[in-house]
Structures are given as structure tokens and as C-alpha cells.
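Structure first, commentary second.
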Amino acid sequence: MPAQPAAPAAAPTPPKPQNPALRMMGLPNLPRKLPSRNWMIFWGITGAFASFIIYDKREKKRATAKWRRLVAPMANEPIGAANQLPRKLTIYLEAPPGDSLRTAQDHFIEYAKPVLAASGLDWEFVQGRQQGDVRAAVAEKIRRLRRKTEQPTEDMPPTEEDNLEVLRKRMNLPEYQGVKGDIVMGRHTWKEYVRGLHEGWLGSLQAPPQPVIEPKPQTGEDGEKKEAAEEEEEKKPDRPPQPLPHNKPEDYALASLPPTIPEEFAPSAPLPHPHRLGFRHTFVRLGRFLNRRKLADDIGRDVAAVCFATSRDWKPQEGDEMEQQLVLKSGERDWPKFVWQDEPSKDEEENSTPKPPKEKIWASPLTVDPRITSRMRRFEITPELEARAAQIKVPEEEIEGWIKGTLRGVWRWGASSFESKPKGPNVGNLDD
């Protein structure tokens, strides 16, 4: 049987015509179909999350810039007499429960410092690394002020502030007579601030006696641990011990007011410091991370009120509680569980040296005395200043990111190269 001829091979399909614009640019043809379903989901979620972050960051910068521009004219005001001290604020920072002091410092730098720096005001820090440091600092400052009038003959160890005061008296430099003010960051710091006010004005000027604590029986292993701990303590720099409180909240009603107490204290501004730890609270932390613009606006408003020194009395609340007891109370839900436990910490268990128990201010209810709270004032922005801030328009260049700012700079540089630039007169060679 004769062999049949082979079937002719199929003609190859001609290539698709390329887009002439892409061909001239040296680019290949773009695909004519959409990405797969999984890729569409991935890019959609990634793009949406990136958009939320970029939008929140821009609006956070806009909110901070709005209050910064509101207080900026204060920095250009002429200063008073050369022999008068300027206004100085006091900022109280303390490490939040379960974290370090650096967290509180970063929070202040990110939200409050830009507005304060734009106003041109001066401030000083009172920082605490553990529970009770702010309480002790506030109370000791008030007691030193009382001793100058109530016990003028008693010798007190001089501090740096006392040395500066002596130098100012020699130079006939009077103190600032206007409104100063305090800024308190976080609910935990606010509870210690109020506790320090009550201890300073209602407590005794004499230090309480040290409680007698029976030492724990030591074994051989405990003795070795103690020797190792003592060697480590010798290497570390000595940190002054935290002074014991001079009174308790139960003693407020029985205490009498000192004759040197002023009719009105310096106003204060409690600022929120939301800080929640733990993997279990990831979604709560993520929601706060995507809504930082609201926090920046609230803190900027309160800091602007501090700069303009606009204050009011604390408003009465329904029931037996005062407004000072309810402010920033929602921040207590962010604290770790160990704050509310009465068990000793690991450091106290490992340390065999007996020490008096510390007062748990954070976990205790905030007890106040009407004689002290009636003298307290709170910074608050006025409606006129709020209306002025609402009319401020922040330029786009001030809030744009690095990519957009770089592109804008490149465009201006390229456009400026085509502009005609003025030339100087042709004077010839000056050496001739």
C-alpha cells in the first residue's frame, strides 16, 4: 500500500501587533487579562491598609500643625523686662505600667512637644521611673515651700533650685507672677499628682518613722544570693530611696490646712496616654494606630490651652465623685493585670533585704479632699480660640510625605532650569 503524504504543518499564529507607543518606549505588551483572584485579594487588602496608614499620618500632621500655627504668634511677642523671669511650665512624666520611661518620653515628643516648641515657652521635667516617684516629687516640692514660712529656722539641705533662688535674689531677679501651669501625661501620673498635692498640703512636715520589718530567715543559698546582690549593687550608682508618704488618704479629713496654702493652685492639664500591651490586644492597638489623628487633635487642643493660659474650675459631677477622680479613668483598662494584684513583684521576692511596702497608688481609688480640689483649676481652650483654629489652613507641603515632597522638589528644580535668569552687567576683564 503506497505511503500517504504527511499532513502539512499548521501555520504559526502571527504575533499580536504591539502597541506603537509601548514599542517606541521599549516596553513589552501588557497582559490583556486581570490578575488571579488571590492576587486581587492580596493587592486590595494591602492597598487599603496602606491607604489607611497614609491618610491617618497626613491628618495627624495636619492636626498638630493646626494647633502649632495657632500658638506660633506667641513666640514672636516681645519679652518683658530683662530683669524678670519668663513663664515656665512643669511637665510630669512617668513610666506607664509594664513599660519604661522612654515610652512616656516618646509620647510627649510626638504629640505635645511640637505645640509647646512653637509657642516659645520654657518648661521643666519631673520624671518618674517607678510607681510613687511623681507623688514624692510633688509632695516634697510643696513641703519645701511650706518650711520656708512655717519653719524658717530649720536648716534644709540645699538643692539646685535653692542655689538658683539665692543667685536670683542677689541679682534682684523677681519670680514670674503670672499663671505657670502643670502638664500631666497619663492616668497613672495624674493619680500620683493628685496624691502628691494632698500629701504636701495636708501631711506633716516631719518624716514618718521607719516601720520595723523583721528580716527573713536565710539559708545557705539565700546567703550566697545576698552576697552576689550586694556586689552588683556596689557596681551600680546609688539611687536615692523613695521617701515614704507623710500621710494616708484616710487621714485627709482629720488634717488641718496650713496657713500658707494659696486660695488657688496653678492650673493643670491631664493629657491622655493610651498604652496597652499584649498580643491579645492586637486589634485594639491596631485600631488606635489607625486613628492617631484624633489623639493628636485632642492633645494639641489641651496643650494650646496651656500655652494661652485659659483655665476654668473643675466642674461638679453627679454623685459623690469629683471631676478630678473621673478624668482619664478609661486609661485604667489598659493597665496589665499585675497592677491590680497584691502579690509582691519578682524584684521584691529576689531581694532578701527587707524593705517597707510601697503604697499602691495606681490600684487604689483616687481619694480627694474638697478643700484641695476646690483650689484646683483645669486648662481648657476657649470657643474663640477654637474658632480661630478651625479657620487655619495648613499648606499641603507641610503634611506631605517624603515621596511626594521629593517629586515636588524635582519638578521645581526642573522647571527652574527653563526659567530666564537675570544676568549681571558685562564689565569686562577687571584685571585690564
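I want to verify a result. In a Gaussian network model of the chain, Cα cutoff 10 Å, which of these has the top mean-square fluctuation: P158, P97, P209?
Result for the chain, Cα springs under 10 Å: P158 fluctuates most.
Across segment 22-65, how large is the tail of the calculated P(r) beyond 12 Å, expressed as a percent of all Cα pairs?
Every Cα pair in segment 22-65 considered, those over 12 Å come to 73 percent.
By accessible area of protein heavy atoms, probe 1.4 Å, what ranking do D320, D334 get, highest first?
In descending accessible area the options line up as D320, D334.
Determine the sum of side-chain charges near E154: Lys and Arg each +1, Asp and Glu each -1, restricted to other residues whose C-beta is under 14 angstrom from that of E154.
Once positives and negatives cancel, what remains is +2.
Could you give the length gained by full extension between Q325 and V427, i.e. 0.36 nm per residue of separation minus their alpha carbon distance, to one decimal place?
Gain on stretching Q325 to V427: 28.8 nm.
Would you please name the trypsin sites (Lys or Arg not before Pro) within segment 8-102 that are DSSP coil residues with at most 10 other C-beta atoms within 10 Å of their C-beta?
Loop-located and lightly packed - R32, K33.
Compute the angle between helix 402-417 and the longest alpha-carbon principal axis of the chain, please, reported from 0 to 90 degrees and rounded to the nearest 10.
Compared with the principal axis, the helix lies near 60 degrees.
Considering only protein heavy atoms, with the full assembly of protein chains and a 1.4 angstrom probe, order M185, M24 by accessible area, largest first.
Values: M185 5, M24 165 Å².
So the residues, ranked largest to smallest area, are M24, M185.
Kindly provide the trypsin sites (Lys or Arg not before Pro) of segment 361-404 that DSSP labels as loop, not H, G, I, E or B, and whose Cβ sees at most 12 other Cβ atoms within 10 Å. Intermediate values should be presented prior to the final figure.
Values: sites: R371, R375, R377, R378, R388, K393, K404; in loops: R375, K393.
Answer in residue order: K393.
Contour minus end-to-end for A387 and D342, with contour as 0.36 nm per residue of separation and end-to-end as the Cα-Cα distance?
Values: separation 45, 0.36 × 45 = 16.20 nm, distance 4.86 nm.
Roughly 11.3 nm would be gained on extension.
Which listed residue (L121, H107, A139) has the Cα farthest towards the positive end of the charge dipole for segment 105-146, taking +1 on Lys and Arg C-beta and -1 on Asp and Glu C-beta about the Cα centre?
Positive-most Cα among the choices belongs to A139.
What's the magnitude of the charge dipole for the chain around its Cα centre, counting Lys and Arg as +1 and Asp and Glu as -1 at the beta-carbon? Answer in Debye, nearest 20.
The calculation lands at about 2980 debye.
Past the 20 Å Cα-Cα mark, which pairs from K66/K315; K191/K329; K66/K180; K141/K329?
Details: K66/K315 28 Å; K191/K329 10 Å; K66/K180 24 Å; K141/K329 26 Å.
Too far apart for the 20 Å limit: K66/K315; K66/K180; K141/K329.
Quick one: if the Förster radius is 45 Å, what FRET efficiency do R312 and E419 give, using the C-beta to C-beta distance and rounding to 0.05?
Working: r = 55 Å, r/R0 = 1.22.
Using R0 = 45 Å, I get an efficiency of 0.25.
Would you work out what percent of the accessible area of the chain, with all protein chains in place, is carbon or sulfur (probe 1.4 Å)? Walk me through the numbers before you get to the answer.
On the way: 16900 of 29500 Å².
Accessible surface attributable to carbon and sulfur in the chain totals 57 percent.
Is there a quick way to get the dipole size of segment 40-137? I mean about its Cα centre, with the Cβ of Lys and Arg at +1 and of Asp and Glu at -1; what is the value in debye to the nearest 20?
340 debye
How big is segment 360-432 on each of its three principal axes, counting only the C-alpha atoms and giving the largest first in Å?
The Cα atoms of segment 360-432 stretch 90, 32, 32 Å along the principal axes, largest first.
Report, in degrees rounded to the nearest 10, the 0 to 90 angle that the Cα long axis of helix 220-235 makes with the longest principal axis of the chain.
It works out to around 80 degrees.
Simple spin-label model, 7 Å along Cα-to-Cβ: A75 to M156 in nm?
Each label point is offset 7 Å from its Cα along the Cβ direction, giving 3.5 nm.
Among P370, P174, P28, which one shows the highest mean-square fluctuation when the chain is modelled as a Gaussian network with alpha-carbon springs under 10 Å?
Among P370, P174, P28, the largest GNM mean-square fluctuation belongs to P28.
Tell me the accessible surface of L85 in square angstrom (1.4 angstrom probe, heavy atoms of protein chains only), to the nearest ten.
40 Å²
Once the Cα gyration tensor of segment 249-321 is diagonalised, what are the square roots of 5 times its eigenvalues, in whole Å and ordered largest first, as equivalent ellipsoid semi-axes?
Equivalent-ellipsoid dimensions as semi-axes: 35, 21, 12 Å.
Which value results for Rg/Rh of segment 140-192 when Rg is the Cα radius of gyration and Rh the Kirkwood radius based on the inverse mean 1/r?
Working: Rg = 14.6 Å, Rh = 13.8 Å.
Ratio of gyration radius to Kirkwood radius: 1.06.
Quick one: accessible area per residue over segment 391-432, 1.4 Å probe, rounded to a whole number of Å²?
Using a 1.4 Å probe on heavy atoms only, each residue of segment 391-432 averages 97 Å².
Pairing the Cα long axis of helix 292-308 with the longest principal axis of the chain, what angle in degrees results, from 0 to 90 and rounded to the nearest 10?
Roughly 50 degrees between the two axes.
Report Rg(Cα)/(2.2 N^0.38 Å) for the chain, keeping two decimals. Display every interim value, and only then the final one.
Numbers: Rg = 32.8 Å, N = 432, 2.2 N^0.38 = 22.1 Å.
Cα-based Rg divided by the globular estimate yields 1.49.
Find which of I79, F279, M156 sits farthest along the positive direction of the dipole of the chain, computed with +1 on the beta-carbon of Lys and Arg, -1 on that of Asp and Glu, about the Cα centre.
F279
The values are calculated or read from the model by the stated rules, or taken from the named source; none is laboratory data. Note that this is a predicted model, so its numbers are computed, not measured. All Cβ positions, glycine included, derive from the backbone under ideal geometry; neighbour counts span all protein chains shown. These area figures cover heavy atoms from the full protein model, side chains too; ligands, DNA and RNA do not enter into them. Shrake-Rupley method; radii C 1.70, N 1.55, O 1.52, S 1.80 Å.
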